[in-house]
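Below is one structure, written out as structure tokens, with a few remarks after it.
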Amino acid sequence: MKQALDAAWQRSIDAAESQGRQAKARAEQAAAQSWLAAPAAVSASQREGRSGMPAGARETELGVALPLWRPGQRAAGGEASDAELAWADAGEQAQRLRLAGQLREAAGAVQLAVVETAQAQQQVETLRRLADDVARRVQAGDLAPADALAARAELLAADGQLRSSQQALQAQRAAWRLLTGFDAQPTEAPAAITPQELPDSHPELRLADAALELSQRRLALARLQRGESPELSIGMRQERPGGAMTSQNSIVVGLRVPFGGQAHQQPRIAATLADEEVARAQQRRTRERLAAELTLAAEQARASQAQAALEHDRAGLLRERAQLIDKSFRAGETPLPDLLRAVGAAALAEAASARQQAIYQLALARLQQALGNLP
């Protein structure tokens, strides 16, 4: 099942989306580790022909502007980018768990179709042997021709049911192959029917926790970003007075500090605060939902186990009854319709028992899913 999950993940669209989110988070992390709050800018200017200055006077200035982090902004940005990367990783695990749920349901459907096809095949073989025996006894004069027709009709009905089961099996296998690209049917170790409490390592719980952490870090960063970043500018200025005067060089250092950006930042702070409240509520609801799903899955597994035991006992009783009626029929003490009814009831019970056993295995797989266990 683990190999099937890996193959299905590589074929899914979620894998590409997850890789994109992780790449974005790593890019944000690299940007937060930069020494500058934004890309540096180079400036160049030249002035000449000023009024009152000699001919040939010129002023040239070259400089570079360095955006600076506000106090605490770089650390808050790094924490926010780390939280985003953790959220992307948790999201991938949660998506893999959801895909594992699809695989478990698909595998259960395939197993159920296999069981029904096997039971239909067994019923056809049983009725074929009975029809051949009835035909021989009709030729010997022990039974009426109507009995041969009845046995043949039951055989044809069973053969039709077999063909229908085979078509259903092919459809379920095609769905499995579309998900994984595999033809082989996987197996998975069952979970204990009485599970422990909801583990904190559940992928969906981890995703909800990571989403809350990310919203809190983004809120802290938004509160520190009070407008544009300050800029430190460093440049060199060259003045040529013109005429016979020599040029003069000087160094220019400036600091640009934007202020009054609190009002413009309030909408972003309000949005991040709303996101934080939503993430907190989502975390609480996710825990409640997963706990309820785990309780329901455990109860369904216990009920399915009890039902499988009952169906197994019922199938054994009807099988023994059909064998006794078959002996009575061969001895000429029981008519053929009674035997056909007994054989049909036994076959239905066998099919119900095998089907219930497959349903029980699917219930155990759903319990694994509710526990958040990946294959």
| the chain: most fluctuating residue of Gln305, Gln139, Gln93 per GNM, C-alpha cutoff 10 Å | Gln139
| request: Quick one: compute the contact order of the chain, relative version, from alpha carbon pairs under 8 angstrom and 6+ residues apart, as a percent. | output: 25
| said: Compute the angle between helix 73-139 and the longest alpha-carbon principal axis of the chain, please, reported from 0 to 90 degrees and rounded to the nearest 10. | reply: 10
| query | In whole Hz, what ³J(HN,Hα) sequence does the stretch 332-347 give by Karplus (6.51, -1.76, 1.60; θ = phi - 60°), x for Gly and Pro? | reply | x, 9, 10, x, 4, x, 5, 5, 5, 5, 5, 5, x, 5, 5, 5
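Where in the chain lies the longest segment free of GluC sites (Glu not before Pro) that are both loop residues by DSSP (not H, G, I, E, B) and have at most 14 other Cβ atoms within 10 Å?
Of all site-free stretches, the longest is 1-196.
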| Would you list His202, His312 from fewest to most Cβ contacts within 10 Å? | His312, His202
| Ranked list, fewest to most other Cβ atoms within 10 Å of each Cβ, for Ser215, Ser201, Ser328 | Ser201, Ser328, Ser215
| Among Leu348, Ile269, Ala370, which residue has its Cα positioned farthest towards the positive end of the charge dipole of the stretch 242-373, with +1 placed on the Cβ of Lys and Arg, -1 on the Cβ of Asp and Glu, and the dipole taken about the Cα centre? | Ile269
| request: Based on alpha-carbon positions alone, could you give the equivalent ellipsoid semi-axes of the chain from the gyration tensor, as √(5λ), descending, whole Å? | output: 82, 23, 12
| What is the set of long-range amide H partners of Ser233 at a cut-off below 5 Å, with H atoms built 1.01 Å from backbone N? | Leu66, Gly254, Leu255, Arg256
| note | By Cβ neighbour count within 10 Å, fewest first, Arg218, Arg289, Arg223 rank Arg289, Arg223, Arg218
| In a Debye calculation with equal point scatterers on the alpha-carbon sites of the stretch 94-219 and no solvent, what is log10 I(q)/I(0) at q = 0.14, 0.23 Å⁻¹? | -0.81, -1.21
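All of the numbers you see were taken from the coordinates with simple rules; none came from a lab. Owing to the predicted nature of the structure, the values given are computational and were not obtained by experimental measurement. Because the Cβ atoms are built from the backbone with ideal geometry, glycine has one as well, and the counts that use them run over all protein chains shown.
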